[in-house]
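**Student:** Can you read through this structure? Questions will come right after.
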Ligand SMILES: Nc1ncnc2c1ncn2[C@@H]1O[C@H](COP(=O)(O)OP(=O)(O)OP(=O)(O)O)[C@@H](O)[C@H]1O
Ligand SMILES: [Mg+2]
């Protein structure tokens, strides 16, 4: 499903080029559960952003579902991202002035889904993530775990084929983090590809496939 | 994203950042209100002047002695002559012209009025019966000066004169002394108040020949002429000039003013003034536009992470641009509408404070004010909306 070939992403820092990704080759099949680990600055987030079409590589080829997506226009990439990718961030990234329900509804609005359909989908998502009683609360009134549940509900509302999670439990305590992991793993059990960046060895070990990164390169890839 | 959803989402932002939104709306509103109120004031002044001018008569032509020259020397002065006076004979000649409907000779002076043991200096107008229709005056009681010559010593009192000298209201038929002459009160003018800086309530009117005797003069102050119709005014003016030139031995030593020409001049001046004032007020809208731009730029900055998130969940540049653009449009629209209402309210206050001033903002001015507000709002939002759309999603998301 995901096919990266010689993907390079470099940043110019003054007169020095920093290779966030250095000729990375990676294949991930549909339905896989992959953890990406490595020291800070090794390029984990950059890799995830490229897979999620949020960033463009400087060179290399990226095929998603058999289609070369590196050459797509910005608007086309946005469409692919909306339909196929669900992002979950460490910082949750909820819109502070919108309620939990409205945050979950956002991708549907961007997708142009009719309002009636939106209401049922949001209601279902609220129920699935046990957020019914928090539907009308704003992010500031929610706990960290609830916020991440809203973020996951939002990431999955359009039923993407892949969930990209960048340290999803980084801002949560151990117990709540484990709950969130359960939710993500449930999605994987339901057939969604799950790619997760984490610093936590224990969490990383739960994945079927472990990728280790260092200095913009994949150094280990264990299944 | 549908347009309706974009509008609703932007409206949420407007409602959420209350202080900021209020600030922009107020700035816009004051600009629009300034346009509305100032044009209401300008156009009100124009209409006030027009009303005043038409209240003094219709198709009015005023003949006065002497030649008003803006360039060159006075012709009479060159010849060592003084300008000839206007006489009653001149007035009669003018009255016979085909284009003239009626005329009234006019003399003016001050005399001591005594009646009912009261004594007072009053302004005395000498004229004839046709003064009433020409000057659009109305009588409250009795009758005006009789038609024709050889009339008796009648006097007509202004409303305030009548009430001052005869508080019981029985002025008609009373005897009055004006200087050394005796008069019989035949009528009282209806209260009219001031018009063109002349208060008809505080004057008395006597027949022209009595006035000439009283003031010991044979000349006239003015001849008031009413043309048969509006179209006759220019030819009437020429005919009057021609007739009086002949009567004055070929000397063109009178001036003819038409009400139309004076009115048109005032109208032009006040229209130009209104336009200028509206333009200046519109400039304040540009300032509001710059404020909109700055506040929207700050908003883009504040909401960088949110913009990154929207991109991560599938918004493209056009979606983001549209959201910020419509947000600015809501603000300008609210400002324009609120400003329009504020301006209408201001005009209402003006009308209440100065009932004589018809301070209604012209429709073009209100529309222009609203339009300029919307256009400035739109222009001012282009740069911020574009900046938001072009934000790099990854960088935006990593911003805290
Ligand atoms: N926008 C940028 N400008 C310059 N350098 C960047 C930028 N984004 C990333 N980098 C650099 O690229 C390298 C990889 O960054 P990346 O964020 O992918 O690391 P990471 O593995 O996710 O680290 P962390 O565990 O701290 O999140 C780092 O050296 C970083 O400094
Ligand atoms: Mg990272």
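The values are calculated or read from the model by the stated rules, or taken from the named source; none is laboratory data. Everything numeric here is computed off the predicted structure, so don't read it as measured data. Cβ: placed from backbone, ideal geometry, glycine included. Neighbour counts: every protein chain shown.
**Student:** Is it the case that the range A:65-87 has a residue that's crowded, with 19+ Cβ neighbours inside 10 Å and within 16 Å of ligand 2 (Cβ to nearest atom)?
**Tutor:** Looking for residues that are crowded, with 19+ Cβ neighbours inside 10 Å and within 16 Å of ligand 2 (Cβ to nearest atom), one finds at least one in the range A:65-87, hence yes.
**Student:** A further question on this structure: Return yes or no: is residue B:287 assigned to a helix (DSSP H, G or I), surrounded by fewer than 16 Cβ atoms within 10 Å (Cβ to Cβ) and over 20 Å from the mean Cα position of the chain (by Cα)?
**Tutor:** Details: assigned to a helix (DSSP H, G or I): yes; surrounded by fewer than 16 Cβ atoms within 10 Å (Cβ to Cβ): yes; over 20 Å from the mean Cα position of the chain (by Cα): yes.
Criteria met by residue B:287.
**Student:** For the range A:1-112, list the helices (runs of 4 or more DSSP H) that sit wholly inside it and hold at least 2 residues that are in contact (Cβ under 8 Å) with a residue 40 or more places away in the chain and within 16 Å of ligand 1 (Cβ to nearest atom); which are they?
**Tutor:** Details: elements: A:44-51, A:74-84, A:100-111.
Because the criterion is at least 2 residues that are in contact (Cβ under 8 Å) with a residue 40 or more places away in the chain and within 16 Å of ligand 1 (Cβ to nearest atom), the helices (runs of 4 or more DSSP H) in the range A:1-112 that meet it are A:44-51.
**Student:** Consider residue B:282 carefully, then state whether it is more than 12 Å from every other protein chain (Cβ to nearest Cβ), farther than 30 Å from residue B:1 by Cβ and in contact (Cβ under 8 Å) with a residue 12 or more places away in the chain.
**Tutor:** Taking the combined requirement at face value, the residue satisfies it.
**Student:** May I ask you to verify whether residue B:156 is part of a strand (DSSP E or B), surrounded by 15 or more Cβ atoms within 10 Å (Cβ to Cβ) and either modelled with pLDDT under 90 or within 33 Å of the chain's Cα centre (by Cα) (or both)?
**Tutor:** So residue B:156 fits the description; yes.
**Student:** So, in the range A:36-59, exactly how many residues are buried (at least 19 other Cβ atoms within 10 Å of the Cβ), within 14 Å of chain B (Cβ to nearest Cβ) and within 16 Å of ligand 2 (Cβ to nearest atom)?
**Tutor:** 12
**Student:** With the condition kept exactly as written, say whether any residue in the range B:323-330 is within 14 Å of another protein chain (Cβ to nearest Cβ), away from ligand 2 (no atom under 16 Å from the Cβ) and within 24 Å of residue A:72 (Cβ to Cβ).
**Tutor:** Yes, there is a match, as at least one residue in the range B:323-330 is within 14 Å of another protein chain (Cβ to nearest Cβ), away from ligand 2 (no atom under 16 Å from the Cβ) and within 24 Å of residue A:72 (Cβ to Cβ).
**Student:** Give the residue, chosen from A:62, A:33, that is touching a helix residue (DSSP H, G or I) at 6+ places or on another chain (Cβ under 9 Å), farther than 20 Å from residue A:199 by Cα and away from ligand 2 (no atom under 16 Å from the Cβ).
**Tutor:** Answer to the selection: A:62.
**Student:** Looking only at strands (runs of 3 or more DSSP E) that lie completely in the range B:160-239, which have at least 3 residues being closer than 26 Å to residue B:100 by Cα and touching a residue at least 12 places away in the same chain (Cβ under 8 Å)? Step through it out loud before you land on a result.
**Tutor:** Values: elements: B:175-178, B:181-189, B:203-207, B:222-227.
Passing ranges, in order: B:203-207, B:222-227.
**Student:** Would you list the helices (runs of 4 or more DSSP H) that sit entirely within the range B:1-87 and hold 2 or more residues that are within 14 Å of chain A (Cβ to nearest Cβ), at pLDDT below 85 and out of contact with any strand residue (DSSP E or B) (no Cβ under 6 Å at 6 or more places or on another chain)? If you could, list the steps in order and put the result at the bottom.
**Tutor:** Working: elements: B:3-16, B:18-55, B:75-79.
Per the criteria, no element qualifies.
**Student:** Could you tell me how many of the residues in the range B:349-367 are out of contact with any helix residue (DSSP H, G or I) (no Cβ under 7 Å at 6 or more places or on another chain) and surrounded by 15 or more Cβ atoms within 10 Å (Cβ to Cβ)?
**Tutor:** 1
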